[in-house]
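Participant: After the structure tokens below, expect a handful of questions from me.
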Amino acid sequence: MDLQSLITSLLVPTVIALAGAVVYLWQEQRRVLFSQLKAREDRIATLEKREIILESRIADLEKLVSQLKQDNAGMQARFILFASSHDSSPLPTWIKDRDGKVLAANRAYERTFLRPRGHSLADYVGRCDADVWPEHVAAEYAANDNAVLRTGEIWDGEENVPDAAGKSRSIRIIKYPRRAKGIAEPFGVAGIAILDEL
């Protein structure tokens, strides 16, 4: 066997083996790259779906914010109308939440009940009866408020109202539940004092 035949007989199988290994490695690398590409495409598709869902949610939230702004503007207008009519009433009136915190009281309430005892609306609104009335009086008012909240009915009765000297007089009070539109459970209690001198 000559040298060339020997080299050929040794090299050809080696080259063929190396070529096969290169082809195998190239195919493996191609398979891995395609697998990675497919995973990225799947991830992009998932992100695109999430983006569509988020865009839909954002659109829904934008509609909700717009509706809330409209509702708020309407509530502000109604509150201004309520406050102006409420404040001009000659009868003392007030509104409390379920916890007894005073949400509003009118000038007649301030003039009749608070000023004679050294208080103002600023001392009363946003606070509870116990902040301006003696403890036993505040407890009586709270019991009657709770009866209105419990029954959901109008309460028409007498409450003792002390003056600056501590002398009590019995005044007819009408209390009724305050409800928000479409909600059956009262959010609070409103009251009107019926004064003999009016």
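Participant: Can you give me the relative contact order of the chain as a percent, contacts being Cα pairs under 8 Å and 6 or more apart?
Facilitator: About 15 percent, as a whole number.
Participant: Still on this structure, please answer the following. Treating the angle as unsigned and between 0 and 90°, give the value, to the nearest 10°, between the Cα long axis of helix 135-151 and the longest Cα principal axis of the chain.
Facilitator: 60
Participant: Under a Cβ-only charge scheme (Lys and Arg +1, Asp and Glu -1), can you give me the dipole magnitude of the chain about the Cα centre, in debye to the nearest 20?
Facilitator: About 380 debye.
Participant: Let me ask something else about it. Note down the nm distance, to one decimal, between modelled labels 7 Å out along Cα→Cβ at Phe187 and at Val125.
Facilitator: Taking the two extended label points, one gets 1.6 nm.
Participant: Once both axes come from the Cα atoms, what is the angle between helix 3-87 and the longest principal axis of the chain, in degrees from 0 to 90, rounded to 10?
Facilitator: Once rounded, one gets 10 degrees.
Participant: Defining a contact as two alpha carbons under 8 Å apart and six or more residues distant in sequence, what relative contact order in percent does region 96-137 show?
Facilitator: 41
Participant: Here's a follow-up. Mean residue ellipticity at 222 nm from the helices of the chain, using -39,500 (n - 2.57) per DSSP H segment of n ≥ 4 over the full residue count, to the nearest 500 deg cm²/dmol?
Facilitator: My calculation for the chain gives -19500 deg cm²/dmol from helical runs alone.
Participant: What percent does the relative contact order of region 97-198 come to when contacts are Cα pairs within less than 8 Å and at least six residues apart?
Facilitator: 23
Participant: For the full complex of protein chains and a 1.4 angstrom probe, list Phe34, Phe113 by accessible area with the highest value first.
Facilitator: In descending accessible area the options line up as Phe34, Phe113.
Participant: Measuring from label point to label point, each 7 Å out along Cα→Cβ, what is the Asn72 to Asn160 span in nm?
Facilitator: The modelled label-to-label distance comes out at 4.6 nm.
Participant: Within the chain, what is the longest stretch that has no GluC sites (Glu not before Pro) placed in a DSSP loop and near at most 15 other beta-carbon atoms within 10 Å?
Facilitator: Segment 1-152 is the longest.
Participant: Let's test the formula: R0 of 41 Å, r as the Cβ-Cβ distance of Asp87 and Glu62. What FRET efficiency results, to the nearest 0.05?
Facilitator: Working from the Cβ atoms, E equals 0.65.
Participant: Run the simple label-point estimate for Ala21 and His136 please: 7 Å along Cα→C-beta, distance reported in nm.
Facilitator: Label at Ala21, label at His136, 10.6 nm between them.
Participant: Which of these values of Cα Rg over 2.2 N^0.38 Å was calculated from the structure shown: (i) 1.16; (ii) 0.96; (iii) 2.47?
Facilitator: Given (i) 1.16; (ii) 0.96; (iii) 2.47, the structure-derived one carries the label (iii).
The values are calculated or read from the model by the stated rules, or taken from the named source; none is laboratory data. Here the structure is a predicted model, which means the values were calculated and not measured. All Cβ positions, glycine included, derive from the backbone under ideal geometry; neighbour counts span all protein chains shown. Just the protein is used for accessible areas: all its heavy atoms, side chains included, with ligands, DNA and RNA removed. Shrake-Rupley method; radii C 1.70, N 1.55, O 1.52, S 1.80 Å.
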